[in-house]
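The values are calculated or read from the model by the stated rules, or taken from the named source; none is laboratory data. Everything numeric here is computed off the predicted structure, so don't read it as measured data. Every residue, glycine as well, gets a Cβ built from its backbone with ideal geometry; the counts of neighbours run over all protein chains shown. Only protein heavy atoms, including side chains, enter the accessible area calculation; ligands, DNA and RNA are left aside. Shrake-Rupley method; radii C 1.70, N 1.55, O 1.52, S 1.80 Å.
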Amino acid sequence: MGRRRHLADAAGALPEAIAALSRSLPAGPSPEIFRRAKFDRPEAAPALWRLLFRVLSLLRADRASASRAPEAQARWVKAALRAQGYPRLGLARLPEDGSQGSRELLLALAWLLAREPLPERLLAQTRVRLGDEMPVCECGALASPGQPAPRVDTAGPVDVRRLQWLMGKLRFRWRNLMASQQEQCALLGKIHAYTRGCHGDRSLGHLSVAETELLRDPEGGRQLLQRLESENARLEAALEWRRRELVFWQWMDTVLGACPPEASQPTFPPRLRGRGRRAGAWGPVAWELQALQEELQAAVGARRAAWAARVGGQGPEWSAARQAAQEAVGRELAALRQAWARGGGRAQPHRPHRLVRTEAGGPGGPGLRAAEVIGVLRSREACLEEMLCQLQEQCRQQLARLAGALPGLIWIPPPRR
């Protein structure tokens, strides 16, 4: 009797959990679509294709256009999931007309949900921004391009005039971008100065651009209120989804069990968490994987030794490039240690910060100060300029080497900027 009641409660909680998940996602389908997708019904495939397209386009930096044809959306979804490392091969075999594969699409959505807190990330990216914000994240500073190879062989002739035209076009657009950023900062400073003392929160002291726009156009407040209500509804749905998430994953176990096994699918054995029958069954697999890992390590060691011997005989160019790379790594490590010591060992939150204008010498809030951010940006600019000078010198040496190989050629080096 108690077991039947528990099963009935779980069956009743499942539609509520799926409904909460659908409300927390952009353009989420109804729970009936999920139920039909479990049995691989073709009428559930178009809605899941659209859902995956919307979710993946919001997660990626280069957001895709929603006006694409369904076939183009399907191709884009396959490419995006393959780029993120989706392991199942059944998705790549699906037709691009959106007529089949609802179960595979449901498994792909569950894979995205298992990788990261998907509803929370989507809410953070699509939230209503009332203040003037600036993203502060120094993760990109660690991804240095490194030193290129000292010798580059091209497959065909290179049009130098086209390269010069592209470089001039890039420089022109960069100047336009900098001018627009400076103009935006100047306008923000004027708005913050003119609206000083108008905000109800004394820690802010001034209005933002969105708040100033509400004073200028009160009719826009209705649209803003609707957006806030929609965001609150999605936030409540995300909280409810977190409370009922376990029921959904128990149901997904039955969906995965209904799928036929893939012969060419890569296998990911589970962790051995006990000494029972399952751990004994996975024992030979663990030994085999350990043997493969040792074999790979031996092969990697041999290749590294061969690469080191080959690089050692390339002359002073390779040694100079290696020394420059070591110096760049040392500078980045020193910058990391300095930032860690300055921050007291606390990691800065990876989120945008609201811009607040304060008087010189006045009490500031608990956030970041502009002087600190400017100092970090200047140190990063100095490192990038030094790296640019090194790359330019390497290019000059390469051009001189190529010009010396052609007799009777007069080489005029470009002027130093």
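Within region 368-400, track down each residue that is open to solvent by less than 50 Å² (accessible area, probe 1.4 Å), more than 20 Å from residue 332 (Cβ to Cβ) and at pLDDT below 80.
Correct list: 400 only.
Could you check region 71-92 and list, in sequence order, the residues that are part of a helix (DSSP H, G or I) and either farther than 13 Å from residue 104 by Cβ or open to solvent by less than 20 Å² (accessible area, probe 1.4 Å) (or both)?
71, 72, 73, 74, 75, 76, 77, 79, 80, 81, 82, 83
Based on this model, can you work out whether residue 341 counts as loosely packed, with under 11 Cβ neighbours inside 10 Å and either in a helix (DSSP H, G or I) or modelled with pLDDT of 75 or more (or both)?
Yes; evaluated as a whole, the condition is true for this residue.
Restrict the check to region 107-115 and report whether at least one residue is surrounded by fewer than 21 Cβ atoms within 10 Å (Cβ to Cβ), on the phi > 0 side of the Ramachandran plot and in contact with a helix residue (DSSP H, G or I) (Cβ under 9 Å, 6 or more places away or on another chain).
No: zero hits.
Could you grab me the full set of residues in region 95-110 that are in contact with a Lys or Arg (Cβ under 8 Å, 6 or more places away or on another chain), at pLDDT 90 or above and either of a type outside the set (Gly, Ala, Ser) or part of a loop (DSSP other than H, G, I, E, B) (or both)?
Hits for region 95-110 are 103, 104, 106, 107.
Given the options 163, 207, name the one that is without any contact (Cβ under 8 Å) to a residue 60 or more places away in the chain and touching a Cys at 6+ places or on another chain (Cβ under 8 Å).
207
Restricting region 218-241 to residues that are open to solvent by less than 40 Å² (accessible area, probe 1.4 Å) and hydrophobic (A, V, I, L, M, F, W, C), which is farthest from the chain's Cα centre (by Cα)?
In this case the residue turns out to be 224.
Small (Gly, Ala, Ser) and in a helix (DSSP H, G or I): is that true of residue 180 in this structure?
Yes; evaluated as a whole, the condition is true for this residue.
Quick grid of which residues meet (1) farther than 30 Å from residue 109 by Cβ; (2) at pLDDT 80 or above:
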residue	(1), (2)
221	yes, yes
227	no, yes
249	no, yes
256	no, yes
263	no, no
280	yes, no
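Against the condition over 24 Å from the mean Cα position of the chain (by Cα) and either open to solvent by less than 70 Å² (accessible area, probe 1.4 Å) or modelled with pLDDT of 90 or more (or both), how does residue 140 come out, does it pass?
When the stated conditions are applied, residue 140 does not pass them.
Would you please name the residue that is nearest to residue 354 (Cα to Cα), looking only at residues in region 163-217 that are surrounded by 11 or more Cβ atoms within 10 Å (Cβ to Cβ) and acidic (Asp, Glu)?
Checked region 163-217; the qualifying residue nearest to residue 354 (Cα to Cα) is 211.
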